[in-house]
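The values are calculated or read from the model by the stated rules, or taken from the named source; none is laboratory data. Keep in mind that this is a model prediction, so the values were computed, not measured. Because the Cβ atoms are built from the backbone with ideal geometry, glycine has one as well, and the counts that use them run over all protein chains shown.
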Amino acid sequence: MRTGSAIAVAALLVSTVASPARTGSAEDLARPPDTVEDLPPIVIGVSSVQSGPSRFLGEKLLQGSRAYFDRVNAAGGVNGRRISLIVKDDRYEPEPAVRNTNELIESDEVFFLFGYVGTPTLVRVLPLLRYYEERKIVNVAPFTGADPQRRPPYDRFVFNVRASYREETRALVRHLHARGHRRIGFLGQSDAYGKSGEVGVREALAELGLDLVESVTYRRNESAMTDMTAQVRLLRQARADAVIAVGVYGPCAAFIRDARLAGWEVPIANVSFVGAGTMLAALREASEDLGLDLTRSLVNSQVVPSPDDLRYPLVVDYRTSVAPSLRGFISLEGWLNAVVAAEALRRAGPEPSREGFIRALESLTGWDPGLGLPLEFSPTSHQGFHKVWLTRTENGRWVPDEDVLP
């Protein structure tokens, strides 16, 4: 039976609930717990996707961050203050994201914005940050590798922890090129996210004297039941020998399904935003339904190491509190983001101002949150890391492939 229903059902069944977790330095952030009730909380504002076909991205990122913040609060807070999150659902659409951000700043009076998900949402929020410049509102650790918040005039309002899509796509292009692939095709979401990825792929190919053989798109917020046979046909007719996709787990899983059902076995690579764990779980479920292994020849770039890689103290600490079935790349990224934000809050002191918090973030130059890498925030750079990790599928699981530094 040829259907996308197995993928859609599998995506709904993937667990997304994370238990409270700890980081070894959480206790160091706090005064004795009995002081917490005496001080007002630090209120952080989040607008992200919490419903609809892409909701697992926002849910998992938030779960990882909340797990660490819960651990900090249980240990007495940051300098005696609890961290409180106000979360608003934007459904991965720009208009609700703008409305939510206005409410978070004007009505909720949050201390800073945190953990936004997606390029099309964040790029519409950036002008608001400029509008509220005098209030010193910054957006910390958005879940996007796009360029607009990394370049003037908006770079000073955003602190990016993760590597960029340019760095991820360059790593994927280099990986495929090293394995003999010269005719690379592109599948992208039809919005600013997909375009950002396409630009990165084209630039990386140009460095090698190459260009895309074909580029195809799909509409944002499509589901796993989407028919992707037309996109497969166009890329196959262009004789692509590998595909780089910049999208979300549902439609990207649908593309893989339709490619394999058509007998097209080229390598298919995705960037970190896809939600690799959810996508692969959906493909495993669909494989059982269809009697065909859909998990072969897949590659994924990541901006955090594997949640199973015990070489990293951050991962070891994350794993002590998060059950095996609940671990994943996105929740680990959420955890990392919270570790960085909490350390900056600690440095900002017991009576933090927004301006002091910005200075604290910029003081994190050289600080290592447990990745063996120095954070690169400074007064002249709000880009934290440039590291990209690659993973590949093996027996229906993601395994580390090789580390690539763009």
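A few remarks follow.
- Selection within segment 366-398 - within 15 Å of ALA344 (Cβ to Cβ) and surrounded by fewer than 14 Cβ atoms within 10 Å (Cβ to Cβ): GLY366, ASP368, PRO379
- Filtering LEU128, LEU113 for residues that are modelled with pLDDT of 95 or more, of a type outside the set (S, T, N, Q), part of a helix (DSSP H, G or I) and outside the structural domain of VAL246 (by TED's automatic domain parsing) leaves a single hit, LEU128.
- In the set (1) in a loop (DSSP other than H, G, I, E, B); (2) over 22 Å from VAL316 (Cβ atoms); (3) touching a residue at least 24 places away in the same chain (Cβ under 8 Å), the condition left unmet by LEU364 is number (2).
- The selection criterion, being over 27 Å from PRO305 (Cα atoms), modelled with pLDDT of 95 or more and polar (S, T, N, Q), does not hold for ASN139.
- Selection of first residues in segment 282-298 that are at positive phi and at pLDDT 95 or above and of second residues that are surrounded by 16 or more Cβ atoms within 10 Å (Cβ to Cβ) and assigned to a loop (DSSP other than H, G, I, E, B), restricted to Cβ pairs under 8 Å at least 6 apart or on distinct chains, gives the following pairs, ordered by first then second residue: SER297/VAL266; SER297/PRO267.
- Among the residues making up segment 131-160, those that are farther than 29 Å from GLY188 by Cβ and free of Cβ contacts under 8 Å to residues at least 24 places away in the same chain are TYR131, GLU134.
- Taken over segment 53-94, the criterion of being farther than 25 Å from ALA323 by Cβ and modelled with pLDDT under 95 is satisfied by PRO53 alone.
- Contacts under 7 angstrom Cβ, first residue in segment 85-105 being in the same structural domain as SER51 (by TED's automatic domain parsing) and in a helix (DSSP H, G or I), partner at pLDDT below 95 and hydroxyl-bearing (Ser, Thr, Tyr), 6 or more apart: none
- Which listed residue is surrounded by 20 or more Cβ atoms within 10 Å (Cβ to Cβ), modelled with pLDDT of 95 or more and assigned to a loop (DSSP other than H, G, I, E, B), from ARG166, ARG170, ARG162, ARG182: ARG162
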